[in-house]
Structures are given as C-alpha cells and as structure tokens.
1. Within the stretch 308-327, track down each residue that is part of a helix (DSSP H, G or I) and surrounded by fewer than 19 Cβ atoms within 10 Å (Cβ to Cβ).
2. How many residues, within the stretch 342-379, are modelled with pLDDT under 85, over 47 Å from the mean Cα position of the chain (by Cα) and surrounded by fewer than 13 Cβ atoms within 10 Å (Cβ to Cβ)?
3. Select from the stretch 330-341 the residues that are surrounded by 13 or more Cβ atoms within 10 Å (Cβ to Cβ) and either closer than 18 Å to residue 300 by Cβ or touching a helix residue (DSSP H, G or I) at 6+ places or on another chain (Cβ under 6 Å) (or both) and list them in ascending order.
4. Looking at the structure I just gave you, is residue 116 part of a helix (DSSP H, G or I), modelled with pLDDT of 90 or more and more than 30 Å from residue 154 (Cα to Cα)?
5. So residue 361 fits all but one of (1) in a helix (DSSP H, G or I); (2) under 30 Å from residue 180 (Cα atoms); what number is the exception?
6. When you look at residue 175, is it under 25 Å from residue 315 (Cβ atoms), assigned to a helix (DSSP H, G or I) and not assigned by TED's automatic domain parsing to the domain that holds residue 164, yes or no?
7. Give 177, 157, 135, 140 a once-over and let me know the one that is surrounded by 15 or more Cβ atoms within 10 Å (Cβ to Cβ) and modelled with pLDDT under 90.
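The values are calculated or read from the model by the stated rules, or taken from the named source; none is laboratory data. Computed from a prediction, not measured in an experiment: that's the story for all the values here. With ideal geometry, Cβ positions are generated from the backbone for all residues, glycine too; neighbour counts draw on all protein chains shown.
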C-alpha cells in the first residue's frame with residue numbers, strides 16, 4: 001500500500017515537477033508584472049514627488065522673489081523718503097540761509113544808511129557851526145568897525161540889567177537888583193540918545209515894580225529864631241498836671257453840749273490837719289516826663305525852629321507857619337506857663353508867626369528884551385554895512401626861478 005501509494009505520488013510529483021516550471025514562469029511573469037507595475041507606480045510616485053517638489057520649489061522661489069521684490073521696493077521707498085527728507089532739509093537750509101543773508105543785507109543797508117545819516121548830520125552841524133562862526137566874525141568885525149565912543153556904556157547897561165535879573169530870580173535879592181537897575185539907567189541916560197526913550201521908560205517901570213516888592217528882613221528873623229533856640233535849654237519844665245481837688249466842707253464846732261463827741265472829733269481833725277492833709281482828686285493825672293524825654297522834647301523844638309529858618313530862606317510859608325505852630329504847641333504843653341521866660345518865649349513865637357515869608361517876584365523884566373533888541377539891531381545894521389562894502393583884492397606876488405634853485 002505504501003508502494004502503490006508512493007507511485008501515484010511520484011506521478012503527481014512528476015506532474016508537479018512538470019507543472020512547477022510553468023507555474024514558476026507564470027509566477028515570475030506575475031512577479032515581473034507586479035515588479036513592472038510597482039516600478040511603474042513607484043516611477044509615477046517619484047514623478048509625482050518630483051512634481052510636488054518642483055511645485056514647492058517654484059512656490060518657494062515665487063515667494064522668495066516676491067519677498068525680495070517687496071524688500072527692494074521698501075528699500076527703494078525708504079531711500080526715496082530719506083532723499084525727500086534730505087531735500088526738505090536742504091531747502092530749509094537754503095531758506096534759512098536766504099533769510100539770514102537778507103537780514104544781514106538789511107542790517108548792512110541800515111548801517112550804511114545810519115552812517116550816511118550820521119555823516120550828513122555831522123556835515124550839517126559843521127556847516128551850521130561854520131555859519132555861526134562866520135556870523136560871529138561878521139558881528140565882531142562890525143563891532144570893531146562900527147564902534148562908537150559911547151557904545152561901552154550901552155554894553156555895560158546890558159551887563160547890569162542881566163546881573164539884576166540873576167540877583168532877582170536866583171538869589172531873590174531885591175535890593176541889589178534895584179540898585180543894579182538904577183545904575184543901568186544912569187549909563188543909558190549918559191548916552192543922551194533920544195531913540196532910547198522907550199528903553200528908559202521900560203526901565204523906570206521895572207524899577208518901580210522892584211521897589212513895590214515887600215522887603216523881608218530874613219537875617220533878622222533868623223537871628224531871632226536862633227536866640228529862641230538858645231533859650232530852650234533854660235526854660236523850666238512843667239510838673240505833673242493834677243486835676244483840681246474836690247471842695248472840702250469846713251465843719252465848725254457847735255455850741256450844744258450834747259454834741260461834745262462830734263466837737264471832740266472835729267477838734268482832733270483840726271489839730272491833725274496842721275500836720276497831715278489829704279485831698280481827693282478825680283480825673284487823669286499827666287505824668288512827668290523822664291530826663292530822656294526832656295532831652296528829646298527840647299531837641300524837637302530846636303529842630304522845628306531850625307526848619308522854620310530854612311523855610312524862611314526858601315520862602316516856604318506853609319512849612320514856616322507849621323514849624324512855629326508845632327514849637328508853640330509843645331511849649332504850651334510841657335513848659336511852665338506861669339514862668340516869665342516861658343511867657344516871653346511864647347510871645348516871640350506868636351510875633352514871628354505873623355510874618356509872611358513868601359514873595360511874588362515879577363516873571364520877566366521888559367528892559368532886558370528891549371535892550372537886547374536894540375543892541376542886536378545896531379549890530380545888524382553894522383553887519384549889513386560891512387557886507388555891502390567892496391572887498392579889496394590882495395596883491396599877488398610873482399616869483400621867478402633863477403638858475404641854481406634860488407628865487
């Protein structure tokens with residue numbers, strides 16, 4: 001069985017061995033086909049991968065190119081903006097340079113015009129000075145040529161009138177001004193010129209005006225104030241001012257025997273009154289001044305008198321009256337009014353306060369203007385006479401040169 005069984009198996013094996021190559025070939029074909037198919041698929045996949053990679057690379061390249069172009073555009077834009085900023089800065093610098101140049105040009109023109117104006121002004125002043133010097137020279141020539149023997153009297157009268165004005169308005173010396181005017185009138189009367197009659201009439205009016213001014217003996221008043229100032233230290237000061245005491249009723253001893261107790265007390269009071277006395281006073285008591293306050297009081301009164309002396313010379317009537325009034329008030333409050341020296345001091349203050357120290361002086365004198373006009377008119381006539389006189393030509397000396405360089 002085993003043999004029979006083995007035989008068919010061998011046949012089968014033979015058949016299998018016969019079929020096996022075919023199967024192998026088929027399998028090989030199949031494997032080849034599968035390999036071909038797999039290779040085709042792999043090639044397709046590889047191509048797809050390559051295509052995908054190429055697309056990716058293309059997209060990346062496109063993106064990179066876009067980024068590069070955008071960066072280049074941005075860089076170019078930044079450069080353009082920077083160039084615009086630089087251009088604007090340059091334009092601003094040019095404008096500022098133009099403005100500074102214009103300002104410098106304006107200042108230079110202003111300086112030039114100022115210098116030119118100054119030169120013109122100086123030239124004008126020099127010309128005016130030259131004209132004045134020429135006019136003064138002409139006046140001097142006219143004064144020398146047209147001088148008369150009595151002209152010095154007229155010039156002296158003019159000087160005296162000017163001095164009278166200075167004495168009157170600067171020093172308020174009416175007496176000296178009047179005497180100077182009278183001396184000037186004497187000089188003019190010595191000329192014996194009828195054309196000077198209006199001048200003498202004006203001078204007479206001015207002299208009458210000066211004599212009508214009230215004269216104040218300032219030196220005498222100041223001496224009186226100085227004497228009062230020296231008396232202050234000798235004036236007695238007042239004691240404490242007490243109010244008046246109440247009236248005390250004087251009791252008398254009665255004749256009734258029953259009032260012996262009251263009579264005894266009254267007798268005792270009268271006996272004690274010879275040794276001790278007391279009075280009742282109601283009101284404010286002004287205390288005594290301390291020695292330091294005494295000194296200040298006297299110095300303040302002296303200061304008021306000194307201020308009155310200054311106001312007397314300065315013709316300040318309000319200051320003069322106020323100072324004397326203050327000195328009188330303090331003297332009446334703090335000095336003994338019953339003392340004869342204090343009474344004399346107060347009376348002198350009252351008499352000094354009655355004087356008026358302010359004086360109204362004339363604003364101008366007509367003589368000075370008329371005299372100046374007369375002198376200028378006379379000089380003008382002399383100048384015209386000098387200007388119309390023919391001028392003689394000075395001879396011109398000719399020199400001839402001789403050999404050897406001597407002439």
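1. Within the stretch 308-327, 310, 313, 314, 317, 318, 319, 321, 322, 325, 326 meet the criteria.
2. Selection size over the stretch 342-379: 1.
3. Passing the criteria: 330, 331, 332, 334, 335, 336.
4. yes
5. (1)
6. no
7. Every option except 157 fails the conditions.
Yes/no matrix, rows are residues, columns are (1) at pLDDT 90 or above; (2) within 30 Å of residue 203 (Cβ to Cβ); (3) not assigned by TED's automatic domain parsing to the domain that holds residue 377:
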{"position": "85", "(1), (2), (3)": "yes, no, yes"}
{"position": "101", "(1), (2), (3)": "no, no, yes"}
{"position": "107", "(1), (2), (3)": "no, no, yes"}
{"position": "112", "(1), (2), (3)": "yes, no, yes"}
{"position": "125", "(1), (2), (3)": "yes, no, yes"}
{"position": "164", "(1), (2), (3)": "yes, yes, no"}
{"position": "169", "(1), (2), (3)": "no, yes, no"}
{"position": "184", "(1), (2), (3)": "yes, yes, no"}
